[in-house]
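Every number in this text was worked out from the coordinates using simple rules, so none of it is lab data. All of these numbers come straight from a predicted model, not from anything done at the bench. For neighbour counting, all protein chains shown are included, and Cβ atoms are generated from backbone atoms with ideal geometry for every residue, glycine included.
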Amino acid sequence: MVKKKGWNYEETVAGVEEILAAIEGGDLELTEVFSQFAVAVDRLNQCENFLTAQREQVELLLENLGKIGE
């Protein structure tokens, strides 16, 4: 997955929340529900990948910090 330049975690989460509100609101046709659900899943995968990458970066930084103190 390649994130677009300017990708923003908070904006992506807000977009997912908007999609879920629209689905829960019951105003979408069934085909649109499935389409929007697919978009939400894709955005959630982007968020998960971002968080995983950030966690790995923090773990690496902490590992290097531990080596400095040795």
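List residues of the range 33-59, by number, whose backbone nitrogen lies under 15 Å from a label position 7 Å along Cα→C-beta of GLU17. Correct set: 44. Helix 9-25 and the longest principal axis of the Cα set of the chain meet at an angle near 30°. The GNM of the chain, with springs linking C-alpha atoms under 10 angstrom apart, assigns the highest mean-square fluctuation among VAL16, VAL39, VAL58 to VAL58. Among LEU30, LEU20, LEU51, the largest mean-square fluctuation in a Gaussian network model of the chain, built with springs joining Cα atoms closer than 10 Å, belongs to LEU30. Compared with the direct C-alpha span, the chain from TYR9 to CYS47 gains 13.0 nm at full extension, assuming 0.36 nm per residue.
Ordering PHE34, PHE50 from the fewest to the most neighbouring beta carbons within 10 Å gives PHE34, PHE50.
The structure-derived value of percent of Cα pairs over 21 Å apart appears in the list (1) 26; (2) 44; (3) 36 under the label (2). What is the angle, in °, between the Cα long axis of helix 30-68 and the longest principal axis of the Cα atoms in the chain? Nearest 10 is fine, range 0 to 90. Helix 30-68 sits at roughly 10 degrees to that axis.
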